[in-house]
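The values are calculated or read from the model by the stated rules, or taken from the named source; none is laboratory data. Keep in mind that this is a model prediction, so the values were computed, not measured. Here the Cβ is made from the backbone with ideal geometry for all residues, glycine too, and neighbour counts use every protein chain on show. We work out accessible area using only protein heavy atoms, side chains counted, and drop any ligands, DNA or RNA first. Shrake-Rupley method; radii C 1.70, N 1.55, O 1.52, S 1.80 Å.
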Amino acid sequence: MTDEGGDGSYEPVIGLEIHVQLRTKEKLFCPDHTGFGDAPNTNVCPVCLGLPGALPILNRDAVELAVRASLAFDCTVHQHSVWARKNYFYPDLPKGYQISQFEEPLATGGTFRVEADDVSGLDESVDIRIRRIHMEEDAGKSIHDRFESATAVDLNRTGTPLIEMVTEPDFRSPGQVRAWLTAVKQVLEYLEVSDCNMEEGSLRVDANVSLRPVGSEPLGTKTELKNMNSFSGVERALTVEIARQQDVIATGGQVAHQTLLWDERRGDVRPMRSKEESHDYRYFPDPDLPPLKVSEDLIEAVRARLPELPSARRARFREEYGLPSYDAGVLTARRPLADYYEDTARTSGEPKEASNWIMGPVLAAMNARNLEADDFPVRPAHLAELIDLVEKGTINRNVAKDVLGRMLEAATGEGAESPAVKTPADIVREEGLATVSDAGQLEAWIDDALSAHPEEVARFREGEARLKGFFMGEVMKRSRGKADPGEVARLLTERLGKA
Ligand SMILES: [Zn+2]
């Protein structure tokens with residue numbers, strides 16, 4: 001596909017539907033627990049089982065989270081919206097309908113802009129309009145692979161509160177979609193409206209895509225893609241489907257309107273059985289539920305409590321701490337990490353050093369242990385102290401990395417009894433790790449190193465200058481890394497002269 005207009009080339013037009021599980025303790029219309037991984041069919045009651053006569057009672061916490069998300073994505077929150085029944089039959093939907101919102105949703109007309117610097121994978125910023133955000137309850141789960149000849153149903157998830165965000169078809173490439181979703185997920189996590197765990201199904205993305213001649217307005221026939229369980233899966237599925245539609249058009253065919261399932265293993269899309277896509281939901285307002293009222297006061301109170309969002313925080317990190325865009329992007333990707341950085345930067349008074357430490361060894365250690373910043377045993381106060389010890393010259397940088405490793409070992413290693421971490425100063429004192437700049441001691445190590453390598457000394461004196469590095473290494477080895485490197489370099493030059 002080229003970007004020239006009017007010559008028969010096509011551009012993709014992509015829109016998204018994003019289901020986000022709200023982080024409430026209880027379900028949307030009953031007090032059952034919403035946890036993931038409980039024994040099947042233990043978190044159920046007459047309301048979510050759809051037993052006759054059981055009446056739904058709205059969970060106001062869920063409404064507040066939905067309002068929070070709507071405001072963060074710049075939507076207009078409506079004070080009056082309507083619960084509707086979406087009628088269909090499926091074994092994991094015992095009521096025979098799902099409570100959703102249809103004609104009058106909670107919120108409409110938002111936008112969410114992502115700057116090229118904000119996340120990787122964007123060449124230029126994208127502005128995506130959000131058509132609507134509505135609330136609904138989740139269905140249960142059909143388990144097809146557990147028993148040989150039967151499908152099992154787990155209704156624990158039935159009635160879990162969700163929001164569905166629907167975008168306008170504003171995306172023009174699969175890469176844009178992936179980058180934008182990454183930024184959306186960051187916002188949802190900052191807002192603490194959802195844990196956004198895609199493996200557990202708390203964030204699900206469906207995409208629709210069509211092709212049209214470049215430069216033309218009307219939309220082509222779209223297909224809907226489902227069953228992607230990661231953002232990279234969404235990107236790959238769209239890439240595959242766009243290529244498929246191009247082939248259809250190139251060979252004179254017509255794209256059929258259908259729903260396609262992404263097969264991650266085969267890297268391919270296949271049509272859903274047509275039975276499953278003949279939808280006629282016969283929506284109508286739920287007679288058991290009054291319209292959803294959200295007062296102006298509530299909207300304003302939620303707005304006032306919105307946290308600083310990732311893009312604002314990135315901008316502030318650049319300005320307040322003088323960080324490059326790249327550092328600001330990495331450090332704000334998750335709210336606990338941004339808090340961790342900010343604590344360290346403020347306590348140490350060394351924002352750039354704090355960034356170097358966290359983006360380097362600290363993040364590597366977090367990733368290796370699969371820990372979030374708020375569960376990481378080395379706290380910002382410890383890290384700030386470590387940075388301070390290096391700045392004051394008490395220890396050198398390599399020893400400091402070693403001290404970080406020891407703090408971690410003490411807290412997470414085999415036989416670690418308590419999560420209490422020794423302070424860097426304790427470790428340096430107990431293990432005698434402080435930098436040695438005492439000339440007598442340094443001379444002794446240098447004597448030892450030089451007398452062990454008379455040949456190299458001779459070669460150095462003949463002019464092989466690069467051997468200076470070798471001697472440095474030998475001396476550092478003898479000091480177990482503690483020798484003051486500047487002092488060693490000076491004494492070596494004194495002793496050997498210049499090569
Ligand atoms: Zn229930």
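List the pairs whose first member sits in the range 54-66 and is part of a helix (DSSP H, G or I), whose second member is of a type outside the set (Val, Ile, Thr) and open to solvent by 50 Å² or more (accessible area, probe 1.4 Å), and whose Cβ atoms are under 8 Å apart, counting only residues at least 6 apart or on separate chains?
Correct list of pairs: Asp61/Lys25; Asp61/Glu26; Leu65/Arg23.
Quick check: anything in the range 172-184 under 24 Å from the mean Cα position of the chain (by Cα), of a type in the set (Gly, Ala, Ser) and in a loop (DSSP other than H, G, I, E, B)? Talk me through it step by step, then tell me what you get.
Residues of the range 172-184 under 24 Å from the mean Cα position of the chain (by Cα): 172-184.
Subset that is of a type in the set (Gly, Ala, Ser): 173, 175, 179, 183.
Next, from what is left, pick out any that are in a loop (DSSP other than H, G, I, E, B): 173.
Yes, because at least one residue in the range 172-184 is under 24 Å from the mean Cα position of the chain (by Cα), of a type in the set (Gly, Ala, Ser) and in a loop (DSSP other than H, G, I, E, B).
Of the numbered conditions (1) within 16 Å of the ligand (Cβ to nearest atom); (2) within 20 Å of the chain's Cα centre (by Cα), Leu155 fails exactly one; give the number of that condition.
For Leu155, the failing item is (2).
Suppose the filter is farther than 29 Å from Tyr190 by Cβ, of a type in the set (A, V, I, L, M, F, W, C), in contact with a Gly (Cβ under 6 Å, 6 or more places away or on another chain) and in the same structural domain as Ser202 (by TED's automatic domain parsing); does Cys48 pass it? Give the steps one after another, and end with the answer.
Values: farther than 29 Å from Tyr190 by Cβ: yes; of a type in the set (A, V, I, L, M, F, W, C): yes; in contact with a Gly (Cβ under 6 Å, 6 or more places away or on another chain): yes; in the same structural domain as Ser202 (by TED's automatic domain parsing): yes.
Here the answer is yes, as Cys48 does meet what is asked.
Within the range 84-100, is even one residue under 30 Å from Ser311 (Cβ atoms) and either more than 16 Å from the ligand (Cβ to nearest atom) or modelled with pLDDT of 95 or more (or both)?
Quick first cut of the range 84-100, residues under 30 Å from Ser311 (Cβ atoms) only: none.
Scanning the range 84-100 turns up no residue that is under 30 Å from Ser311 (Cβ atoms) and either more than 16 Å from the ligand (Cβ to nearest atom) or modelled with pLDDT of 95 or more (or both).
Could you run through the range 73-90 and say how many residues are open to solvent by less than 50 Å² (accessible area, probe 1.4 Å) and part of a loop (DSSP other than H, G, I, E, B)? Give the steps one after another, and end with the answer.
Taking the range 73-90 as the starting set, the residues that turn out to be open to solvent by less than 50 Å² (accessible area, probe 1.4 Å) are 73, 75, 77, 81-87.
Checking which are part of a loop (DSSP other than H, G, I, E, B) leaves us with 73, 75, 82.
Of the residues in the range 73-90, 3 are open to solvent by less than 50 Å² (accessible area, probe 1.4 Å) and part of a loop (DSSP other than H, G, I, E, B).
Condition check ((1) in a strand (DSSP E or B); (2) assigned by TED's automatic domain parsing to the domain that holds Val187; (3) under 21 Å from Thr24 (Cβ atoms); (4) in contact (Cβ under 8 Å) with a residue 60 or more places away in the chain) across all residues:
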| residue | (1), (2), (3), (4) |
| --- | --- |
| Leu71 | no, yes, yes, yes |
| Asp92 | no, yes, yes, yes |
| Asp123 | no, yes, no, no |
| Ile130 | yes, yes, no, no |
| Ala139 | no, yes, yes, no |
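From the list Leu122, Leu181, Leu188, which one is within 21 Å of Asn59 (Cα to Cα) and either surrounded by fewer than 22 Cβ atoms within 10 Å (Cβ to Cβ) or of a type outside the set (Val, Ile, Thr) (or both)? Full working, then the answer.
Numbers: Leu122 fails: within 21 Å of Asn59 (Cα to Cα); Leu181 fails: within 21 Å of Asn59 (Cα to Cα).
Leu188 is the lone residue from the list that is within 21 Å of Asn59 (Cα to Cα) and either surrounded by fewer than 22 Cβ atoms within 10 Å (Cβ to Cβ) or of a type outside the set (Val, Ile, Thr) (or both).
Tell me, please, whether a residue that is part of a loop (DSSP other than H, G, I, E, B), outside the structural domain of Pro105 (by TED's automatic domain parsing) and within 28 Å of Ala237 (Cβ to Cβ) can be found in the range 326-345.
Going through the range 326-345, the residues part of a loop (DSSP other than H, G, I, E, B) turn out to be 332-334.
Filter once more, so that each one left must be outside the structural domain of Pro105 (by TED's automatic domain parsing): 332-334.
Now drop any that are not within 28 Å of Ala237 (Cβ to Cβ), which leaves 333-334.
Within the range 326-345, one or more residues are part of a loop (DSSP other than H, G, I, E, B), outside the structural domain of Pro105 (by TED's automatic domain parsing) and within 28 Å of Ala237 (Cβ to Cβ).
Consider only pairs whose beta carbons are under 6 Å apart and that are at least six residues apart or on different chains; among these, list those whose first residue lies in the range 24-36 and is open to solvent by 20 Å² or more (accessible area, probe 1.4 Å) and within 7 Å of the ligand (Cβ to nearest atom) and whose second residue is of a type outside the set (A, V, I, L, M, F, W, C) and assigned to a loop (DSSP other than H, G, I, E, B).
Asp32/Asn43
From the list Asn367, Asn356, Asn396, which residue is in the same structural domain as Arg334 (by TED's automatic domain parsing), out of contact with any Cys (no Cβ under 9 Å at 6 or more places or on another chain) and closer than 18 Å to Lys482 by Cβ? First the steps, then the outcome.
Details: Asn367 fails: closer than 18 Å to Lys482 by Cβ; Asn356 fails: closer than 18 Å to Lys482 by Cβ.
Asn396 is the lone residue from the list that is in the same structural domain as Arg334 (by TED's automatic domain parsing), out of contact with any Cys (no Cβ under 9 Å at 6 or more places or on another chain) and closer than 18 Å to Lys482 by Cβ.
What about Thr160, is it in contact (Cβ under 8 Å) with a residue 60 or more places away in the chain, within 16 Å of the ligand (Cβ to nearest atom), surrounded by 17 or more Cβ atoms within 10 Å (Cβ to Cβ) and of a type in the set (Val, Ile, Thr)?
Numbers: in contact (Cβ under 8 Å) with a residue 60 or more places away in the chain: yes; within 16 Å of the ligand (Cβ to nearest atom): yes; surrounded by 17 or more Cβ atoms within 10 Å (Cβ to Cβ): yes; of a type in the set (Val, Ile, Thr): yes.
Yes.
Taking Asp74 and the conditions (1) on the phi > 0 side of the Ramachandran plot; (2) in contact with a Gly (Cβ under 8 Å, 6 or more places away or on another chain); (3) within 16 Å of the ligand (Cβ to nearest atom), which numbered condition does it fall short on, given that it satisfies the others?
(3)
Among the candidates Glu296, Glu241, Glu300, Glu308, single out the residue that is at pLDDT 95 or above and either crowded, with 16+ Cβ neighbours inside 10 Å or in contact with a strand residue (DSSP E or B) (Cβ under 7 Å, 6 or more places away or on another chain) (or both).
Values: Glu296 fails: either crowded, with 16+ Cβ neighbours inside 10 Å or in contact with a strand residue (DSSP E or B) (Cβ under 7 Å, 6 or more places away or on another chain) (or both); Glu300 fails: either crowded, with 16+ Cβ neighbours inside 10 Å or in contact with a strand residue (DSSP E or B) (Cβ under 7 Å, 6 or more places away or on another chain) (or both); Glu308 fails: either crowded, with 16+ Cβ neighbours inside 10 Å or in contact with a strand residue (DSSP E or B) (Cβ under 7 Å, 6 or more places away or on another chain) (or both).
It is Glu241.
Take the conditions within 27 Å of Lys226 (Cα to Cα) and either of a type in the set (A, V, I, L, M, F, W, C) or within 15 Å of the ligand (Cβ to nearest atom) (or both) and apply them to Ile14. Does it pass?
Working: within 27 Å of Lys226 (Cα to Cα): yes; either of a type in the set (A, V, I, L, M, F, W, C) or within 15 Å of the ligand (Cβ to nearest atom) (or both): yes.
Against the criterion (within 27 Å of Lys226 (Cα to Cα) and either of a type in the set (A, V, I, L, M, F, W, C) or within 15 Å of the ligand (Cβ to nearest atom) (or both)), Ile14 qualifies.
Could you list, ordered by first residue, the pairs with Cβ atoms under 6 Å in which the first is in the range 281-299 and closer than 10 Å to Val82 by Cβ and the second is hydroxyl-bearing (Ser, Thr, Tyr), at least 6 apart or interchain?
Leu292/Ser81
With respect to Arg318, is the statement that it is open to solvent by 60 Å² or more (accessible area, probe 1.4 Å), more than 20 Å from Ala66 (Cα to Cα), more than 17 Å from the chain's Cα centre (by Cα) and not assigned by TED's automatic domain parsing to the domain that holds Leu383 true?
Working: open to solvent by 60 Å² or more (accessible area, probe 1.4 Å): yes; more than 20 Å from Ala66 (Cα to Cα): yes; more than 17 Å from the chain's Cα centre (by Cα): yes; not assigned by TED's automatic domain parsing to the domain that holds Leu383: no.
Against the criterion (open to solvent by 60 Å² or more (accessible area, probe 1.4 Å), more than 20 Å from Ala66 (Cα to Cα), more than 17 Å from the chain's Cα centre (by Cα) and not assigned by TED's automatic domain parsing to the domain that holds Leu383), Arg318 does not qualify.
Kindly indicate whether Ala345 is open to solvent by less than 50 Å² (accessible area, probe 1.4 Å) and either at pLDDT 95 or above or under 26 Å from the mean Cα position of the chain (by Cα) (or both). Let's see the steps before the verdict.
Values: open to solvent by less than 50 Å² (accessible area, probe 1.4 Å): yes; either at pLDDT 95 or above or under 26 Å from the mean Cα position of the chain (by Cα) (or both): yes.
Yes.
Within the range 39-60, can you find the residues that are farther than 19 Å from Pro290 by Cβ and within 13 Å of the ligand (Cβ to nearest atom)? Even if it seems obvious, please write down each step before you answer.
Step one: of the range 39-60, the residues farther than 19 Å from Pro290 by Cβ are 39-46, 48-52.
Answer for the range 39-60, where residues must be farther than 19 Å from Pro290 by Cβ and within 13 Å of the ligand (Cβ to nearest atom): Asn41, Thr42, Asn43, Val44, Cys45, Pro46, Cys48, Leu49, Gly50, Leu51.
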